[in-house]
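Engineer: The structure's right below; bear with me while I get my questions together.
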Amino acid sequence: MLLRPFLNDATSCSSYVFGCGTHAKLAVVDPHADLVDDYLATAAALGAPIVAVFETHVQADHVSGLPELVARSGATVYLPTGAGVEFEHVALADGDVIELGNTLVTAIATPGHAPAHHAYTVADRRRGTEEPWLVFSGDSLLIGDVGRPDLHVAGDARGQALLLHTSVKRLLELPDHVVLYPSHYAGSVCGRGLSGNPVSSIGFERAHNSLLAIADADIFADALLAEMPPPPEEQKRIVAANRAGFGGRGRVTGPVELGLRAIFGNYRLGPAPCGDFRPILARDLRGCAEEAGGRYVKNIYDLQDFYGSDGTRTRDLRRDRPAF
């Protein structure tokens with residue numbers, strides 16, 4: 001089994017390329033918009049295509065790289081059942097198994113941070129067993145913490161905290177040796193006491209994560225909701241962008257993500273790097289704008305801008321509010 005972690009310090013997000021080298025089948029977990037080129041370059045260096053993209057949940061703190069990654073790789077998308085997204089995907093129920101050659105991915109329903117949230121255990125048949133070797137826990141069980149329960153269900157943070165208590169107990173049923181790879185580390189707004197070490201194990205967290213020692217669900221919820229930090233800036237727009245995603249065959253169907261930084265300030269538009277009907281990407285510039293059609297774009301979410309394979313650009317301004 002192949003595994004390559006990716007850390008994005010700007011948002012304290014972890015994502016992962018993993019899969020089977022023997023059968024040349026790779027997957028990405030919780031892709032970040034800023035790292036799509038890196039995932040593809042890593043896959044090319046490993047000599048295997050990316051055939052699957054797994055999201056543990058709809059992200060609320062950063063823009064997902066799923067639309068661009070799928071448009072460029074043709075990968076199949078897997079999300080938890082009930083995720084509420086607007087694009088084609090395979091909905092995974094609790095216990096569903098996806099085979100990537102010798103690599104087995106099993107979905108474990110872990111609601112609480114979000115109502116539709118999965119952790120994914122991974123086993124490697126090449127090791128002579130189908131016992132899980134590692135788990136991608138998303139924002140459920142974090143290192144030194146657990147995910148916050150207030151970002152996805154307005155007005156029911158306590159209900160989500162109670163669900164999360166049950167979810168982390170499920171993850172603690174895994175053997176101590178299982179390696180824990182969450183989707184965030186210290187600096188993330190998705191927790192309060194996260195470790196700066198992005199990797200742990202079920203056994204270490206069982207022994208040293210103080211929240212996991214709370215057996216009573218109500219006391220757990222009280223501890224989790226105390227002194228909750230402010231939600232991420234632009235959370236509603238980030239969630240809306242991640243839910244919109246893309247339509248069939250990579251066609252963007254709305255003012256979809258252009259990278260987290262595109263939410264703030266002015267960003268220039270440029271030709272799509274490849275493919276038909278790709279979203280314009282402007283991840284590498286901050287605080288600057290370039291004339292687009294004779295005018296400056298001030299809010300990228302008010303502009304749908306696409307290029308066809310012949311390089312022709314079409315512009316569709318949303319009419320429900322000013323775009324410039």
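The values are calculated or read from the model by the stated rules, or taken from the named source; none is laboratory data. Just so it is clear, the model here is predicted, and its values are computed rather than measured. Note: ideal-geometry Cβ built from the backbone for every residue, glycine included; neighbour counts use all protein chains shown.
Engineer: On the basis of being assigned to a strand (DSSP E or B) and either out of contact with any helix residue (DSSP H, G or I) (no Cβ under 8 Å at 6 or more places or on another chain) or outside the structural domain of H89 (by TED's automatic domain parsing) (or both), does A27 make the cut?
Structural biologist: Spelling it out, A27 is indeed assigned to a strand (DSSP E or B) and either out of contact with any helix residue (DSSP H, G or I) (no Cβ under 8 Å at 6 or more places or on another chain) or outside the structural domain of H89 (by TED's automatic domain parsing) (or both).
Engineer: Here's a follow-up. Between L46, L40, which is at pLDDT 95 or above, more than 22 Å from D124 (Cβ to Cβ) and in the same structural domain as I108 (by TED's automatic domain parsing)? Before you say what the answer is, go through the steps one by one.
Structural biologist: Details: L46 fails: more than 22 Å from D124 (Cβ to Cβ).
Every option except L40 fails the conditions.
Engineer: Let me ask something else about it. Could we say that D61 is assigned to a loop (DSSP other than H, G, I, E, B), at pLDDT below 95 and of a type outside the set (A, V, I, L, M) here?
Structural biologist: Criteria met by D61.
Engineer: What's the number of the condition Y181 fails, among (1) farther than 16 Å from T56 by Cα; (2) buried (at least 23 other Cβ atoms within 10 Å of the Cβ)?
Structural biologist: If we test Y181 against (1) farther than 16 Å from T56 by Cα; (2) buried (at least 23 other Cβ atoms within 10 Å of the Cβ), just (1) comes out false.
Engineer: Name the one entry in I108, I98 that is out of contact with any Gly (no Cβ under 9 Å at 6 or more places or on another chain), closer than 30 Å to T166 by Cβ, part of a strand (DSSP E or B) and not acidic (D, E).
Structural biologist: Working: I108 fails: out of contact with any Gly (no Cβ under 9 Å at 6 or more places or on another chain).
Selected residue: I98, the only one of I108, I98 that is out of contact with any Gly (no Cβ under 9 Å at 6 or more places or on another chain), closer than 30 Å to T166 by Cβ, part of a strand (DSSP E or B) and not acidic (D, E).
Engineer: Which of the residues spanning the range 147-205 are in contact with a Gly (Cβ under 7 Å, 6 or more places away or on another chain), of a type in the set (A, V, I, L, M, F, W, C) and not in a loop (DSSP other than H, G, I, E, B)?
Structural biologist: Once the filter is applied, which keeps residues that are in contact with a Gly (Cβ under 7 Å, 6 or more places away or on another chain), of a type in the set (A, V, I, L, M, F, W, C) and not in a loop (DSSP other than H, G, I, E, B), the range 147-205 yields A161, L163, L164.
Engineer: Please determine whether any residue of the range 41-49 is touching a Gly at 6+ places or on another chain (Cβ under 8 Å), without any contact (Cβ under 8 Å) to a residue 40 or more places away in the chain and crowded, with 17+ Cβ neighbours inside 10 Å.
Structural biologist: no
Engineer: Six or more apart or on different chains, Cβ atoms under 7 Å: show the pairs whose first residue is in the range 150-170 and more than 16 Å from A60 (Cβ to Cβ) and assigned by TED's automatic domain parsing to the domain that holds G138 and whose second is surrounded by 23 or more Cβ atoms within 10 Å (Cβ to Cβ) and acidic (D, E).
Structural biologist: Every condition considered, no pair remains.
Engineer: Out of (1) within 27 Å of L174 (Cα to Cα); (2) surrounded by 24 or more Cβ atoms within 10 Å (Cβ to Cβ); (3) at pLDDT 95 or above, what's the single condition that is false for V77?
Structural biologist: (2)
Engineer: For V28, state whether it is at pLDDT below 95 and surrounded by 24 or more Cβ atoms within 10 Å (Cβ to Cβ).
Structural biologist: For V28, the condition - at pLDDT below 95 and surrounded by 24 or more Cβ atoms within 10 Å (Cβ to Cβ) - is not met.
Engineer: If you don't mind, there's one more thing I want to ask. Going by the structure shown, is R192 closer than 21 Å to F54 by Cα and surrounded by fewer than 21 Cβ atoms within 10 Å (Cβ to Cβ)? Spell out how you get there, then give the answer.
Structural biologist: On the way: closer than 21 Å to F54 by Cα: no; surrounded by fewer than 21 Cβ atoms within 10 Å (Cβ to Cβ): yes.
Here the answer is no, as R192 does not meet what is asked.
Engineer: Considering every residue within the range 117-130, establish whether at least one is in the same structural domain as A186 (by TED's automatic domain parsing), out of contact with any Gly (no Cβ under 7 Å at 6 or more places or on another chain), without any contact (Cβ under 8 Å) to a residue 24 or more places away in the chain and in a strand (DSSP E or B).
Structural biologist: Among the residues of the range 117-130, at least one is in the same structural domain as A186 (by TED's automatic domain parsing), out of contact with any Gly (no Cβ under 7 Å at 6 or more places or on another chain), without any contact (Cβ under 8 Å) to a residue 24 or more places away in the chain and in a strand (DSSP E or B), which makes the answer yes.
Engineer: How about the range 15-24: which of its residues are surrounded by 21 or more Cβ atoms within 10 Å (Cβ to Cβ) and not aliphatic (A, V, I, L, M)?
Structural biologist: S15, Y16, F18, G19, C20
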